[in-house]
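**Q** Sharing a structure here in structure tokens format.
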Amino acid sequence: MNVINDDIDFSEYMQETENHKIRSACDFLPETIAAFYPPPDTSKPPKPLWEKAKGKIAFRPGEVSLWAGINGHGKSMMLSQVALDLLIQNQKILILSFEMKPARQMQRMSRQAYARDVPPVEFLRQFHQWTDGKLWMYDHTGAVHWQQVLAVCRYASEKFGITHFIIDSMMKCVKGDDDYNAQKDFVNELCGFAQARLAHVHLVHHVRKGESEDKTPGKFDIKGAGAITDQVDNVFTVWRNKRAEREQSGDPTAILKCDKQRNGEWEGMLGFWFHPDSMQYLEKISGIPIRYNLTD
């Protein structure tokens, strides 16, 4: 069963066990050497599978990525495709979507995996069987306290070995856009959780309303406390180019912008074309949606 519901007693997971250590810097020599000269069998962190993102974006263990954007501009949709890429790379994922029911989430992912708008029943069976043991859903829609979210994540990490947590969205976990202390505490705890469990947390958040949707937002447009972007490791902004859609200019209809990557070397923008039937983001305007290989 791939659903985590509210019937579980999460009280024992409300606090992370603290483990403070003071060690000599010399103790870290093997890890320092490995950072410069990784062993041949070292596994690389998972990444999005777009060719144009190769060598630019990675989702490293122990980090938190913020996925921001204007409401309705596709940040959750793009993250759903990224989740499929992570599953292909044998990552274990827990989706905590407080704005979309699990069945609706699976309907979207099924279309993206099948690369068409109406997957046949046999494919749906195959797809759901393929996700078993790799994909979990937290079956809760609506507001939830952020401490409960942390407890669920700790529980899932311990019980199922989850490596990636998708929390959609922050506004459902912290009441009020102006509760800066709660926002800061939540993100701080998420960072501590990711580091302690060597997991990667993907946190969806909104940006402030600007003068127009035709301007690409950045990290300084993100709602709430400045500590949010200060504390997370990576900041990604998803922007829908409605002008390109209206004018059919051939320009990318979606932009993925990286404003921060603490342990990476790339920042910049990548252009994509949204394909409505498959709900996939394509790398070329003439691109063909790719059916995901479910045989692995």
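**Q** Which residue, of M77, M109, is free of Cβ contacts under 8 Å to residues at least 40 places away in the same chain, farther than 16 Å from K172 by Cα and buried (at least 17 other Cβ atoms within 10 Å of the Cβ)? Walk me through it before giving the result.
**A** Details: M77 fails: free of Cβ contacts under 8 Å to residues at least 40 places away in the same chain.
Only one candidate passes the filter, namely M109.
**Q** If T141 satisfies every condition in (1) under 26 Å from G69 (Cα atoms); (2) hydroxyl-bearing (S, T, Y); (3) modelled with pLDDT of 95 or more but one, which is the exception?
**A** Failed condition: (3).
**Q** Continuing with the same structure: Being surrounded by fewer than 17 Cβ atoms within 10 Å (Cβ to Cβ), more than 16 Å from the chain's Cα centre (by Cα), more than 28 Å from L198 (Cβ to Cβ) and in contact (Cβ under 8 Å) with a residue 60 or more places away in the chain narrows it down to one residue among D117, D139, D132; which is it?
**A** Details: D139 fails: more than 28 Å from L198 (Cβ to Cβ); D132 fails: more than 28 Å from L198 (Cβ to Cβ).
Answer to the selection: D117.
**Q** So, in the range 171-202, of the ones that are in contact with an Asp or Glu (Cβ under 7 Å, 6 or more places away or on another chain) and of a type in the set (A, V, I, L, M, F, W, C), which residue ends up surrounded by the fewest Cβ atoms within 10 Å (Cβ to Cβ)? Before you say what the answer is, go through the steps one by one.
**A** Applying the first criterion (in contact with an Asp or Glu (Cβ under 7 Å, 6 or more places away or on another chain)) to the range 171-202 yields 172, 192-194, 196, 200.
Retained after the next criterion (residues that are of a type in the set (A, V, I, L, M, F, W, C)): 193-194, 196.
Details: F193: 20, A194: 23, A196: 15.
Residue satisfying both the conditions and the ranking: A196.
**Q** Return yes when W136 is at pLDDT 95 or above and out of contact with any strand residue (DSSP E or B) (no Cβ under 9 Å at 6 or more places or on another chain) and no when it is not. Show your work before the answer.
**A** Values: at pLDDT 95 or above: yes; out of contact with any strand residue (DSSP E or B) (no Cβ under 9 Å at 6 or more places or on another chain): no.
Criteria not met by W136.
For (1) under 26 Å from H200 (Cβ atoms); (2) aliphatic (A, V, I, L, M); (3) surrounded by fewer than 13 Cβ atoms within 10 Å (Cβ to Cβ), each residue gets a yes or a no:
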{"site": "S249", "(1), (2), (3)": "no, no, yes"}
{"site": "R262", "(1), (2), (3)": "yes, no, yes"}
{"site": "W273", "(1), (2), (3)": "no, no, no"}
{"site": "I285", "(1), (2), (3)": "no, yes, no"}
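**Q** Would you mind stating whether K54 is over 15 Å from I162 (Cβ atoms) and modelled with pLDDT under 95? Talk me through it step by step, then tell me what you get.
**A** Numbers: over 15 Å from I162 (Cβ atoms): yes; modelled with pLDDT under 95: no.
Against the criterion (over 15 Å from I162 (Cβ atoms) and modelled with pLDDT under 95), K54 does not qualify.
**Q** A follow-up question, please. Check the range 31-38 and report whether any residue there is at pLDDT below 95 and touching an Asp or Glu at 6+ places or on another chain (Cβ under 6 Å). Give the derivation first.
**A** Taking the range 31-38 and keeping what is at pLDDT below 95, we get 31-38.
This time we only want the ones that are touching an Asp or Glu at 6+ places or on another chain (Cβ under 6 Å), so: none.
No: zero hits.
**Q** Taking the range 187-201, which residues are touching a Leu at 6+ places or on another chain (Cβ under 6 Å) and assigned to a strand (DSSP E or B)?
**A** Matches in the range 187-201: V201 only.
The values are calculated or read from the model by the stated rules, or taken from the named source; none is laboratory data. Please read all numbers here as calculations on a predicted model, not as lab measurements. All Cβ positions, glycine included, derive from the backbone under ideal geometry; neighbour counts span all protein chains shown.
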